[in-house]
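Inspection log for the structure reproduced underneath, given as structure tokens.
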Amino acid sequence: MTAKEIKAKFIRFFEERGHARIPNASLIPENDPTVLFTTAGMHPLVPYLLGESHPLGKRLVGVQRAIRTGDIEEVGDNRHNTFFEMLGNWSLGDYFKKEAIHFSFEFLTKELGLNPQHLYVTVFEGDADAPRDDESIHLWQSEFASAGIEANVGVRIYLYPKAQNWWGPAGETGPCGPDTEMFIDTATVGEGRPSPHDAARYGATCHPNCDCGRFIEIWNDVFMEYNRVKSSGSGAWSSERNSKRNSDPRPPTPDQYRYEPLTQRNVDTGMGVERVTYVLQGKETVFDTELFSTIFASFVPRLAKRDTRSERIIADHLKAATFLIADGVTPSNLDQGYVLRRLIRRAVRYGKLLGMADSFVRSPIEATIATYKEEYPYLTERHDDIVSVAVQEEKRFRGVLAQGLQRIAKLLAASEGRSDRVIDSKTVFELFSTYGFPVELTEEIAKERGYTIDREGFKAEFLHHQELSRQGAEKRFAGGLADHSQMSIRYHTATHLLHQALRTVLGDHVFQKGSNITPERLRFDFSHPVKLTAEELTRVEELVNEKVKEALPVKREIMSVAEAKRLGAIGLFEEKYGDEVSVYTIGREGEAPFSREFCGGPHVTNTNEVGTFRIVKEEALSAGVRRIKAVVE
Ligand code: SER
């Protein structure tokens, strides 16, 4: 069964059971500044898991692209990927454990044809925050019994604490709960597998959650009935595992959080497409499936040397880079841009190790587009941009890579015989700033040669840079502005006028997805399914210019979130302003306003300061998201 067939079966199975299909959202989460990437299908659903009503109903199904970067250095083994797809079904206060477990068992055994003898499950063992999940144990027992299989705690059903059997929240706080996970015993599926009793390979005491690779987790049913909130008086969360790092979001049970019951009991499930595909196909690894074959074929024949791990790293990283660029990320030293930079540069370094003398990233990127273009048509639309961003980044790094590597080699030769085997922080920083070596890459190269790096010292060197980044982030939060020059302020007000004009002309489904302003232009991303017609573009442009001519006052007010919502204020990022929000209203006193938006400002005081507005470009950004570039003159 191909990955495409598995996805189609999953969607159909749940649609037949009353689930509505939701769109595959961007890798860059909207409205959540605490995480860098979409790491799971539930990410775009957080408000609905917390109780807001979803326009498509209480039963949802979908396939979601995701990025997890906690494991970048692990990529190369048989199951870690940076980019992956997840299938999920959700119940928003509708069905709970009984139906969820039944759907899972039925789908795996009837639709995918998995022999239930090969299936193992894990359940939450209980702790001070939540009780042992006896209900799930009983439900699994009866599912297995329906297939004539005995199951009990310790026989097919294994209990684990929070570290294994609890999921979420995706960020620092939010919906979460105990989960039950399904594993396939790969020793019994597929041809020519080693015996499950091969203790040398698997370890004598192998169990579903051990790391030897025999049991592969394919599906996770999370029973989201808790909201993790900060206990009053607690400091910031110390662990880096969840928040900005975006690793697998399993919480380490910090004391500074409380688990409160949610107003509704939800189900959030996630099935890893790559894993289920390779396991069902009886392949040894995800890299042996059609999800990677075209990508390998695009560069492996040109390699001077072969090395499995390096080849996997190149394929994985350039696939992830393709999707990141397609979702609007460009390489930089900050946030998502830094992750993209690390992925491309690490791939380029491994390409060089395998003897790639020239630029090579274009072919694996084009092969990724070819592999996914039917399900992600915007990859084809953005083909040229994707290739050019990646190739440029490769060129930038290739230019300095050899020198940087020489610098490391010299340093190591000079320190030969010294006992500490540490690369000092100054050199690490120099490699970062002069040669463009992401610190993780320097660390990896050091490790290969039996060295470590002075990370703490590097952090200190980096502090100044971080300070700059923080300022940058604050500026971005001040309404998406790169600076506060008068020109940018005019563009900022123009952006509000544009946002409302698009809603007036196209409809209320239009929402801001992103905004970027420089003194030269504005760039505005918004939800809309199709290309705008010439007539629509003209109407939007005319409406903005009309409002400029009307010389409407622009007024800022601070009010409660509830009041702002009551007044119909639109816009993103409301959470980050706390309970009191700043709202900008464009319109005359006593008349219905033209626009009202949550916003930190700044803005001009009257629309007549904006100038003549002109749209210069309208294009697709990703599925269901359009981008407009415009100028004011
Ligand atoms: N959020 C859970 C996971 O990622 C289930 O979808 O595993």
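Overview of values
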read-out	value
Amide H contacts of Asn266 (H built 1.01 Å from N, under 5 Å, at least 5 apart or other chain)	Gly93, Met224, Glu225
The chain - charge dipole about Cα centre, Lys and Arg +1 at Cβ, Asp and Glu -1, debye rounded to 20	1480
Kirkwood Rh and Cα Rg combined as Rg over Rh, evaluated for the stretch 511-633	0.97
For the stretch 545-557, 3J(HN,Hα) per residue [Karplus equation, 6.51 cos²θ - 1.76 cosθ + 1.60, θ = phi - 60°, Hz, x = Gly/Pro]	5, 4, 5, 5, 5, 5, 6, 7, x, 10, 10, 9, 9
Under the Karplus curve 6.51 cos²θ - 1.76 cosθ + 1.60, θ = phi - 60°, whole-Hz ³J(HN,Hα) for the stretch 134-148, x wherever Gly or Pro sits	5, 4, 5, 4, 5, 5, 5, 4, 6, 5, 5, 4, 5, 9, x
Projected label distance in nm at Gln392 and Thr380, using a 7 Å step from Cα toward the beta-carbon	2.6
Exposure proxy ranking, count of Cβ atoms within 10 Å, fewest first, for Thr69, Thr538, Thr122	Thr538, Thr69, Thr122
Mean projected area (nm²) of the alpha-carbon convex hull when the stretch 265-398 is viewed from all directions	9.8
Exposure proxy ranking, count of Cβ atoms within 10 Å, fewest first, for His118, His43	His118, His43
Overall form of the stretch 352-441 per C-alpha gyration tensor (a/c, 1.5; a/b vs b/c)	prolate
Chain lengthening between Cys210 and Arg132 when straightened (0.36 nm per residue, less Cα-Cα)	26.0 nm
Inter-label distance for Glu550 and Val616, nm, one decimal - labels placed 7 Å from Cα along Cα-to-Cβ	2.8
Per-residue [θ]222 nm for the chain (sum of -39500 (n - 2.57) over DSSP H runs n ≥ 4, rounded to 500)	-12000 deg cm²/dmol
From the C-alpha gyration tensor of the stretch 1-111, square roots of 5λ in Å	24, 20, 12
FRET efficiency, 1/(1 + (r/R0)^6) with R0 35 Å, evaluated for Lys98 and Glu520 via beta carbons	0.05
Compactness of the stretch 1-66 as Cα Rg over 2.2 N^0.38 Å, two decimals	1.20
Neighbourhood charge, 10 Å Cβ-Cβ cut-off, centred on Lys230 and excluding it, Lys, Arg +1 and Asp, Glu -1	+1
Whole-number D in µm² s⁻¹ for the chain, Kirkwood Cα-pair radius fed into Stokes-Einstein, 20 °C, 1.002 mPa s	80
Fraction of antiparallel bridges per DSSP, the chain only, in percent to nearest 5	85
Length added when fully stretched, Glu5-Glu74, from 0.36 nm per residue minus Cα-Cα	22.0 nm
Whole-Hz ³J(HN,Hα) from phi, Karplus 6.51 cos²θ - 1.76 cosθ + 1.60, for the stretch 619-627, glycine and proline x	8, 7, 9, 7, 4, x, 10, 10, 10
Net charge contributed by nearby residues that have their C-beta within less than 10 Å of Arg65 (K/R +1, D/E -1)	-3
Inter-site label distance for Glu456 and Ala357 at 7 Å from Cα along Cβ, in nm	4.6
Amide H contacts of Ile453 (H built 1.01 Å from N, under 5 Å, at least 5 apart or other chain)	Ile423
Whichever aspartates and glutamates have a C-alpha closer than 20 Å to that of Lys410, once near sequence neighbours (fewer than 8 apart) are set aside	Asp420, Asp424, Glu430, Glu440, Glu443, Glu444, Glu448, Asp454
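Throughout, read-outs are computed from the coordinates displayed, never taken from laboratory work. Quantities reported herein were computed from a predicted structural model and do not represent experimental measurements. Note that we place each Cβ from the backbone using ideal geometry, even for glycine, and neighbour counts take in every protein chain shown.
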